[in-house]
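Engineer: Dropping the structure in here first, questions after.
Quick note: the coordinates plus some simple rules give every number you see, no bench work behind them. Predicted, not measured: the structure shown is a model, and the values here were computed from it. FYI the Cβ positions are ideal-geometry reconstructions off the backbone, even for glycines, and counts take in every protein chain you see.
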Amino acid sequence: MASPTSPAVHRLSGHSHDHAEHDHSVRGREAKLFVAFVLTLVTLLAEAIGGYLSGSLALLADAGHMLVDALALLFAWLGARVARRAADAQRSYGYARVEVLVGYTNALSQLVLALWIIIEAAQRLFTPAPILSDLMLGIALAGLAVNALVLRMLHGHDHDDLNTASARLHVLGDLLGSLGAVLAALVIGWFGWLWADPLISVLVALLLLRSAWRLLTRSAHILLEGAPAGVDEATVAQALEHAGIGVCDVHHVHVWQLAGGSSLATLHARMSADAPPAAVLEAARAVLREQFGIIHATIQFEPEPCPPANCGHHHA
């Protein structure tokens, strides 16, 4: 048994402290997501009414965008709550991947919305409609202020938190939409150029397409059990074999992500004849954790070379 001052005890107490801090951080993100949802919902109602009364596509497009974003923020909040649920008999890894599903769905909705804005803007370019620029400007400025506040609330999230990242993507789209509406209102008010409204809407939609595509591909990579960036079978195998911990012939390596920042691995290997099994196993897990951020590893040690039929392929 480890003594009260042993490194093992310190590691366990540190892990408990880190877990408490992580849980507090997650709850804080949940609260911010819910407040962001409420603010976005109120703003979209104002923009929808203002867009209808002023005849502005930029405002209507931003209101439609914010409707999707309000749902995205709601689902992000629900996803964050569900992701904290403990593992059970049916889901041994828990619900952490819910945040990836939310991010993937939100990215898809952004792509569809951006395409709709482009189609509607093309029609407006050929058949411009009268626009009340003063009303449009006032509502656009209010929307811009609220979106800036919400984006500030969600700033500083963990890079690997795809749930909050997808929510920030939506809010950033709202901010760009409101900014575009402000610019369009000013141009229409000063010069009477009605085409500025659909043109700026298209520019905003193109920016959204790029960001949404990046989030979509990143989420899809995780859902398809893709390896984390910079990690592959050969790299992991070489790191273990060259670490001098008594491990050799590392093969049948699989590395994937449960969610953003949560990497897992399974592998087969052999150990030196005189190596203590428990120490080698702990050292191998330490290499995976420290060099690749792999938080959970299942390592199968074998007394002799693994038959190809059991491994699929062999690491040379």
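Engineer: Ranked highest first by average number of other Cβ atoms within 10 Å, how do 281-291, 176-186 line up?
Structural biologist: So the order, starting with the most tightly packed, is 176-186, 281-291.
Engineer: So for each of 100-113, 123-136, 292-305, 40-53 I average, over its residues, the number of other beta carbons within 10 Å; can you give me the resulting order with the highest mean first? It would help to have the intermediate numbers written out before the result.
Structural biologist: Working: 100-113: 21.4, 123-136: 15.8, 292-305: 14.1, 40-53: 19.3.
Order by mean packing, descending: 100-113, 40-53, 123-136, 292-305.
Engineer: Counting only DSSP beta bridges with both residues in region 233-311, what percent are antiparallel, rounded to the nearest 5?
Structural biologist: Here the antiparallel bridges make up roughly 55 percent for region 233-311.
Engineer: I've got another one for you. Tell me which residues come under 5 Å, amide H to amide H, from residue 271 once H is placed; ignore anything under 5 positions away on its chain.
Structural biologist: Here the answer is 248, 302, since their amide H atoms fall under 5 Å of that of residue 271.
Engineer: A further question follows. Rounded if a/c is under 1.5, else prolate if a/b is larger than b/c, else oblate: which is region 233-311, with a ≥ b ≥ c the root eigenvalues of its Cα gyration tensor?
Structural biologist: oblate
Engineer: Distance from the Cα centre of region 239-310 to that of region 95-113, in angstrom?
Structural biologist: Cα centres, region 239-310 to region 95-113: 33 Å.
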